[in-house]
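See below for the structure under consideration.
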Amino acid sequence: MAETKKPLESHLGASTADRVWVRGLDLCRDLMGQVNLGDMAFLELRGRLPTPAESRVTNAILVALVEHGITPSALATRLTYLGAPEAVQAAVAAGLLGLGTVFVGSIEGAARLLSETLAGARPDADLKALAAAQVAEMRARKANIPGLGHRMHVKGDPRTARLFAIAAEASLRGRFVGLMEAIGEAASQAYGRTLPVNATGAIGALLCELGFDPRVARGFGVMSRAIGLVGHIFEELQHPMAREICDRVEHEANRPLAGAGS
């Protein structure tokens, strides 16, 4: 008896000779010139266009992640472009590959932590108690708590305050945000030093408020940072620094070690 194969299908997009459809909407008539890039991302991932409040928060998230200076991902992009100027896509991809658990990718970790914590809790559970329990458990197994602290913004990430303010104005500041803030407070008390919620923690919480699956949370960093990395390539064309960085590192790394050859 012939094996019955599951049909291959996608509900994201389709096209005919004269039409292109995205999530059931006509790309040219309903979307192009009608919605912004953040709303398009929301549509692609949630299957519907956002409300005005959802649109504002989603776009604020994406804008917040585009640029943060000469980060490891920006360096990777610039140095790759130095070696392969014919492949812009390779240089951007090189930078995106570095969005892991330390930089940007911690959005996913924060979103998972928050969603899993609240999924197993009563709707009226005390957020401070939940946060204290999570911090104690993670500290006991020496696990990093995603979404807290920043090597530069040691007194507080300015992006966090603005994102949470926008969410409050849009009536989208709920229990996920409350739990993230409570985790920051509990961790600061447990470790005896200030561990403020950083931008990735704030974004992880807001993506949960917006109903996004934590498994795609890191994708928001990928989408936004790709724009920023193209910007770094363009700046490299105008004001190069990759060759200087390469030459300096080579010069210092090639210094003879003290006592070598003695």
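The values are calculated or read from the model by the stated rules, or taken from the named source; none is laboratory data. Since the model is a prediction, treat every value here as computed from it, not as a measurement. All Cβ positions, glycine included, derive from the backbone under ideal geometry; neighbour counts span all protein chains shown.
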* Would you please list the contacts, defined by Cβ atoms under 6 Å and residues six or more apart or on different chains, that run from a residue in segment 75-95 that is in contact (Cβ under 8 Å) with a residue 40 or more places away in the chain to a residue that is among the aromatic types (F, W, Y)? => A91/Y81
* To do: Determine, yes or no, whether L43 is more than 17 Å from F234 (Cβ to Cβ), touching a residue at least 12 places away in the same chain (Cβ under 8 Å) and in contact with a Lys or Arg (Cβ under 7 Å, 6 or more places away or on another chain).
  => yes
* Asked: What about A182, is it touching a residue at least 40 places away in the same chain (Cβ under 8 Å), in a helix (DSSP H, G or I), in contact with a Lys or Arg (Cβ under 7 Å, 6 or more places away or on another chain) and surrounded by fewer than 19 Cβ atoms within 10 Å (Cβ to Cβ)?
  -> no
* **Candidates A110, A74, filtered to the one that is touching a His at 6+ places or on another chain (Cβ under 6 Å) and within 25 Å of T160 (Cβ to Cβ)** => A74
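To keep it simple, each residue is scored yes or no on (1) exposed (fewer than 11 other Cβ atoms within 10 Å of the Cβ); (2) closer than 24 Å to P72 by Cα; (3) in contact with a helix residue (DSSP H, G or I) (Cβ under 8 Å, 6 or more places away or on another chain).
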residue: L207; (1), (2), (3): no, no, yes
residue: V222; (1), (2), (3): no, yes, yes
residue: R225; (1), (2), (3): no, yes, yes
residue: L229; (1), (2), (3): no, yes, yes
residue: R243; (1), (2), (3): no, yes, yes
residue: R255; (1), (2), (3): yes, yes, no
* Selection from segment 1-20 of residues that are under 12 Å from L43 (Cα atoms) and in contact with a helix residue (DSSP H, G or I) (Cβ under 9 Å, 6 or more places away or on another chain) -> L12, G13
* Asked: Using beta carbons and a limit of 9 Å, which pairs, at least six apart or on different chains, have the first residue in segment 127-152 and over 17 Å from G192 (Cα atoms) and the second one at pLDDT below 90 and assigned to a helix (DSSP H, G or I)?
  -> P146/S106; G147/S106
* Count - residues of segment 101-126 that are over 18 Å from the mean Cα position of the chain (by Cα) and either of a type in the set (K, R) or within 11 Å of I233 (Cα to Cα) (or both) -> 1
* To do: Can you tell me which residue among F176, F234 is under 26 Å from the mean Cα position of the chain (by Cα), more than 30 Å from Q89 (Cα to Cα) and of a type outside the set (S, T, N, Q)?
  => F176
* All helices (runs of 4 or more DSSP H) inside segment 198-262 with 2 or more residues being out of contact with any strand residue (DSSP E or B) (no Cβ under 9 Å at 6 or more places or on another chain), basic (K, R) and in contact (Cβ under 8 Å) with a residue 12 or more places away in the chain -> 217-238
